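A short reminder: the numbers here are calculations on the coordinates, not readings from a lab. Quick caveat: nothing in here was measured; it's all calculated off a predicted structure. When we count neighbours, we look across all protein chains shown, and the Cβ atoms used for this are built from the backbone with ideal geometry, even at glycine.
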Amino acid sequence: MKLLLTSVFGPYGVDDEYGEKENKMELFHNQVTREQGIFSYRFNHGSQGLYFLAENIDMPTAILDFPTFKRFKKELKKGYDYIGISFIIPNFKKAKAMARAIREFAPESKIILGGHGVNIPKIESMIDHDFICRGEGVYFLRELFGEKADTPIRHPLEYSSFNRQVMGAPWASDSGILIPGVGCANKCRFCATSHFFGSYIPYLKTGQEIFDVCCRYEDERNITDFGVLDENFLKMKDRALDLLELMEQNNRRFNFSIFTSAETLKGIGDLDILVRMGVTFVWVGVESKKEIYAKNKGTDFQVLFKELKMRGISVLASSILFLEEHDQDTIWEDVDFVTSLSPDYIQFSPLGPIPGTKLYDDYEKQGKLIRTVPYQSQHGQKKIWFHHSHFTRDESEEFLLRAFEKDYARNGASLLRTIKTTLEGHLYCRNHPEERIRTHSKDYEKRLDMMRYFLKASTLFVENRQSKVLLGEIKTSYRSQFGRMRVPGLLASLLVVLFSVKEYLRCRFIGDLRTPKTSYRRLYKPGTPTAQPAGSSYAHLAVPKTPYPWVQRPAPQCVLSVEHQAGQRHTSSRLV
Ligand code: B12
Ligand code: SF4
């Protein structure tokens, strides 16, 4: 018996019969820094759910991530007993075409549908299938295959992102993914994930379990930076504090980029705890100036963000446009509010009634859903798909664009904002009365070393007044904190300039599309000697083509795989 798990096929981010050009397979470039030109970050993220599922079932499983349709059809010939397709709502048409191809080319294979796409109403009559997993997948598959449901969760070791580029310069994959749990208990009205999973489902239930996974990452892969895929990581406060205690007791230093909420941060109390934990990036939902959501009640975001940033913690704030109370004037009050908080990054999302959520049910009852908008257009980077009293669909596209532009003009390039925040954090730690905070200044220093190489290219490409102001402040601060740049640093900076010129020309004359390559992981059974080392499927994509070798830091004294030596070159200096 064997299983194939696959994501939907590419190309992504193009106008074709399956999708739209606005639906790129990129987080920052599509949803956050999208209007920041060459300053926009270019990262790809693997389909983590597939690796997580494969690691936690005994059934031998192969993984096909980002296939082409042709490659997918070729794989079908291998005679899988089960084929699981993971898809989200905007990729409905792709999932449907894949299921049809399975019936045609592998009629013996059983089809399992999973991922957020299964929330589409009447999905069972729309896509060929044998099984549908609605919500959490590990326990579903274990049950389907007759495996023991209560086997402890095995956490895979995977890169958080790959194929990374900042200003055209390759940025090695040096951070791992951590998935402590799925879902969220808060169940905000619009939120897809909290409704999809019912409530919060912890995979790693204790601080010790998280700590053990982090140690495995460090011992086996030399990874100490983590992107944490957990909707509200610190909400289980005791788990977080136990993790911190273990890190400090065992002198293990990790860094975390997390999703959280105002309410949870306030619950933590002393924000120095975040510094001690190594939290360097937080994604917080501001949503609106009005306190519509319980998680934001009584929060002074000005103070909260200031406190985070002065500690060197980069803030990504998300804000929702086209709420019921927005008209063509009041919408700017919210844009003005969130941009005035000066977070390092802003994600503007149009309100999106997503099946399964309370918002969707409400809008369905009120007859607000526009039924003629196809699923591939319901991705949130172009037009709304409901009737709004004050915005047409075309206007929504225009307002969304202008909100991103406003943030860029008012706050400057996110790359520069985050460098400034890191500089502030370095000073904060260096001058802190407590030794356990002071020791963290070294981590900031390493990141800042790397970030400094981007200043020359930034000077060349700076696009607006606020970015210029930031650049000036940053340069002064570097000189006062670290002195002048040395020759190796200057050479690295020039290399970044070359990369950025090349990238600028590529975007100008060829187009700015970047799409992940297919990644295939051969059949394996977790925990057996034949198991492929986790992370290997992306390793060829993760290694930067020409990093800046002469500024290489001495490698730690331990034996690393070839992949790792390459990926190691500038660890510790990660933006997200
Ligand atoms: C990482 C991520 C991305 C990555 C994509 C990586 C990839 N390779 O696909 C990037 C940044 C590129 C991205 C892009 C987009 N994303 Co996205 N993304 C996420 C995010 C933050 C994490 C996904 C994840 O890995 N979760 C962890 C794993 C463990 O959970 P999971 O994937 O859901 O899998 C579990 C179950 O669903 C189930 N399962 C999943 N698949 C399968 C398959 C089988 C066979 C089985 C049995 C079970 C199963 O089992 C797993 C374990 O329980 C989620 C939000 C979230 N926190 O989940 C949004 C999310 C999935 N994205 C979403 C959206 C809308 C988008 C975009 C359209 C946004 C945009 N406009 O740019 C684009 C689409 C890009 C494209 N062309 O397809 C929505 C989907 C909404 C919906 N109902 O369809 C989510 C839920 C965010 C939200 N709005 O709440 N995204
Ligand atoms: S706090 Fe965030 S993750 Fe939790 S329900 Fe609200 S929006 Fe969703």
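Note down the relative contact order for the chain as a percent, whole number, built from C-alpha pairs under 8 angstrom at least six residues apart.
18
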What is the calculated FRET efficiency for residue 494 to residue 469, with r their C-beta to C-beta distance and R₀ = 35 Å, to the nearest 0.05?
0.90
Is the C-alpha gyration tensor of segment 52-108 telling us rounded, prolate or oblate? Criteria: a/c under 1.5 is rounded; beyond that, a/b larger than b/c is prolate, otherwise oblate.
oblate
Within the chain, which complete DSSP H helices have Cα atoms spanning at least 30 Å along the helix axis and a mean Kyte-Doolittle hydropathy of 1.0 or higher?
487-509
For labels at residue 512 and residue 329 in the simple 7 Å Cα→Cβ model, what's the distance in nm?
3.3
At 7 Å along Cα-to-Cβ for each site, give me the label-to-label distance between residue 525 and residue 216 in nm.
1.8
Rounded to a whole number, what is D in µm²/s for segment 255-346 from Stokes-Einstein with the Kirkwood radius over alpha-carbon pairs (25 °C, 0.890 mPa s)?
181
Would you compute, from DSSP H runs of 4+ residues alone, the mean residue ellipticity of the chain at 222 nm, taking -39500 (n - 2.57) per run and dividing by the full residue count, rounded to the nearest 500?
-11500 deg cm²/dmol
Exposure-ranked with fewest Cβ neighbours within 10 Å first, 283, 385 stand as 283, 385
Subtracting the Cα-Cα distance of residue 394 and residue 77 from 0.36 nm times their residue separation yields 109.7 nm
Under the Karplus relation with 6.51, -1.76 and 1.60 and θ = phi - 60°, whole-Hz ³J(HN,Hα) for segment 264-275, x at Gly and Pro, equal 5, 4, 5, x, 5, x, 6, 6, 4, 4, 5, 4
Can you check how the C-alpha radius of gyration of segment 309-369 compares to 2.2 N^0.38 Å, as a plain ratio?
1.41
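Using the count of nearby Cβ atoms within 10 Å as a rough guide to exposure, how do 288, 500 rank from fewest to most?
Ascending Cβ contact count within 10 Å gives the list 288, 500.
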Only counting other Cβ atoms within 10 Å, I'd like 388, 195, 29 sorted with the fewest neighbours first.
388, 29, 195
Of all DSSP beta bridges with both partners in segment 83-184, the antiparallel percent, nearest 5, is 35
On each of the three principal axes of the Cα atoms of segment 356-407, give max minus min coordinate, whole Å, ordered largest first.
34, 24, 19
Looking at the chain only, what percent of DSSP beta bridges run antiparallel? Nearest 5 please.
25
Between residue 199 and residue 366, what is the label-point separation in nm under the 7 Å Cα-to-beta-carbon projection?
2.9
Rounded to two decimals, the Debye log10 I(q)/I(0) of segment 114-226 (Cα scatterers, no solvent) at q = 0.16 Å⁻¹ is -0.98
Skipping prolines and chain starts, which residues have an amide H placed within reach, meaning under 5 Å, of the one on residue 110, given they are 5 or more residues away or on another chain?
82, 83
Around residue 255, which amide H atoms from residues at least 5 apart in sequence, or from another chain, sit under 5 Å from its own amide H, with H modelled in the peptide plane?
225, 226
At q = 0.05, 0.06, 0.07, 0.08 Å⁻¹, the log10 of I(q)/I(0) for the chain from a Debye sum over equal Cα scatterers comes to -0.20, -0.29, -0.40, -0.53
As an exercise, identify the GluC sites (Glu not before Pro) in segment 371-456 lying in DSSP coil whose Cβ has no more than 15 other Cβ atoms within 10 Å.
434
Rounded, prolate or oblate for segment 435-509? Axes are the square roots of the Cα gyration tensor eigenvalues, ordered a ≥ b ≥ c, and the cut-off for rounded is a/c under 1.5.
prolate
What share of Cα pairs, in percent, lie more than 18 angstrom apart in segment 204-256?
24
